[in-house]
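Student: Right, I'll just put the structure down here and ask away after.
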Amino acid sequence: MVARLARSVLDRLETERAAAFRKAWDRDTYLAGHVGLRLLLGAYLGVSPAEVPLDRLPCPMCGEPHGRPVVRGDAVHFSLSHSGGLCLLAFAATRVGVDIETVPDLAVADEVGAGLHPRESSELRDLRAADRPAAFARVWARKEAYLKGLGIGLGRAMSLDYLGTASGAAATVPGWTIWDAAVDDGYAAAVAVRC
């Protein structure tokens, strides 16, 4: 059903991106997320999903037009993330970022976790091995949600901002509210909204 809707809803670039996925699972997740995004944005804006005026901001790193996707005129702000077959969408009246992550294995959590903010890396090292992957996924989702909200994405070093690994509330970041989103076991997710 999603593939059928995608043909009538998605634009050429979205269709090309979907076709570039090698695994059907990833392609289907991408299609579901982008069709859902266009359906909901269309409802918010009162237009056909295919007519949602999407654009891309200039990349903050190079200035090319492949930065954060936006609705032309900022009528509504949105963010989309997908991982491991799940999609997460967020909509707000101001800048918003969302991220969902599959909890990785311990080796990935330890290796990538070493590149986080020094306090976060220390917090991860202090946890039992069995608890580190979930804590790593939690802080990574918070960081990606925040960086998407900023419009920077992974162009900013993950070691610069402290968001914390503990379950519950993320650390306070001036001008932003960041919280964990409830998702299935084996995943971590977060939302960041500009105050």
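Student: Please list, in order along region 157-165, the HN-Hα scalar couplings obtained from phi with the Karplus expression 6.51 cos²θ - 1.76 cosθ + 1.60 (θ = phi - 60°), rounded to whole Hz, x for Gly and Pro.
Tutor: Running phi through 6.51 cos²θ - 1.76 cosθ + 1.60 with θ = phi - 60° gives 4, 5, 8, 7, 10, 8, 10, x, 9 Hz.
Student: Tell me, in nm to one decimal, what length is gained between L106 and H66 on full extension, where the rule is 0.36 nm per residue of separation less the Cα-Cα distance? Intermediate results must be reported in sequence, preceding the final value.
Tutor: Values: separation 40, 0.36 × 40 = 14.40 nm, distance 3.29 nm.
Full-extension gain reported as 11.1 nm.
Student: Here's something else I'd like to know. Hey, can you grab everything whose amide H is under 5 Å from the amide H of A171? Only 5+ residues off in sequence or another chain; H modelled, so Pro and N-termini drop out.
Tutor: Those qualifying (amide H under 5 Å, at least 5 residues apart or on another chain) are G164.
Student: When the helices in the chain are scored as -39500 (n - 2.57) per DSSP H run of 4 or longer and the sum is shared across all residues, what 222 nm value do you end up with, to the nearest 500 deg cm²/dmol? Walk me through the numbers before you get to the answer.
Tutor: Values: 6 runs with 75 residues, N = 195.
It lands at -12000 deg cm²/dmol.
Student: Reported to two decimal places, what Rg/Rh ratio describes region 35-131 when computed on Cα atoms with Rh from the Kirkwood expression?
Tutor: Expressed as Rg/Rh, it is 1.11.
Student: Roughly speaking, to the nearest percent, how much of the chain's 1.4 Å accessible area is carbon and sulfur? Write down the numbers at each step before the final one.
Tutor: Details: 5690 of 10180 Å².
With neighbouring chains kept in place, the figure for the chain is 56 percent.
Student: What are the ³J(HN,Hα) values, in whole Hz, obtained from phi via the Karplus relation 6.51 cos²θ - 1.76 cosθ + 1.60 with θ = phi - 60°, for each residue of region 183-195 in sequence order, with x given for Gly and Pro?
Tutor: Result, ordered by residue: 9, 4, 4, x, 9, 9, 8, 8, 10, 10, 10, 5, 7 Hz.
Student: Another question about this same structure. Which entry is the computed volume of the Cα convex hull per residue in Å³ for this structure: (1) 128; (2) 188; (3) 461?
Tutor: (1)
Student: What is the spin-label model distance, in nm, from D131 to M1 if the labels are put 7 Å beyond Cα along the C-beta direction?
Tutor: Placing both labels 7 Å beyond Cα along the Cβ direction yields 4.2 nm.
Student: Percent of alpha carbon pairs in region 1-73 separated by more than 22 Å?
Tutor: In whole percent, the share of Cα-Cα pairs in region 1-73 beyond 22 Å is 26.
Student: Just to be sure I understand the model, the point goes 7 Å from the Cα along the line to the Cβ. What's the resulting L160 to D11 distance in nm?
Tutor: In this crude spin-label approximation the distance works out to 2.8 nm.
Student: Distance between Cα centroids, region 44-59 to region 78-149: provide it in whole Å.
Tutor: About 28 Å separates the Cα centre of region 44-59 from the one of region 78-149.
Student: Next question, about the same structure. Got a sec to turn the phi values of region 109-120 into Karplus ³J(HN,Hα) couplings, 6.51 cos²θ - 1.76 cosθ + 1.60 with θ = phi - 60°, whole Hz, x for Gly and Pro?
Tutor: Result, ordered by residue: 4, 5, 5, 6, x, 5, x, 7, 3, x, 5, 5 Hz.
The values are calculated or read from the model by the stated rules, or taken from the named source; none is laboratory data. The structure displayed is predicted, hence computed values, not measured ones. Positions of Cβ are backbone-derived with ideal geometry, glycine not excepted, and every protein chain shown enters the neighbour counts. Accessible surface is based on the protein model in full, side chains and every heavy atom, while ligands, DNA and RNA are left aside. Shrake-Rupley method; radii C 1.70, N 1.55, O 1.52, S 1.80 Å.
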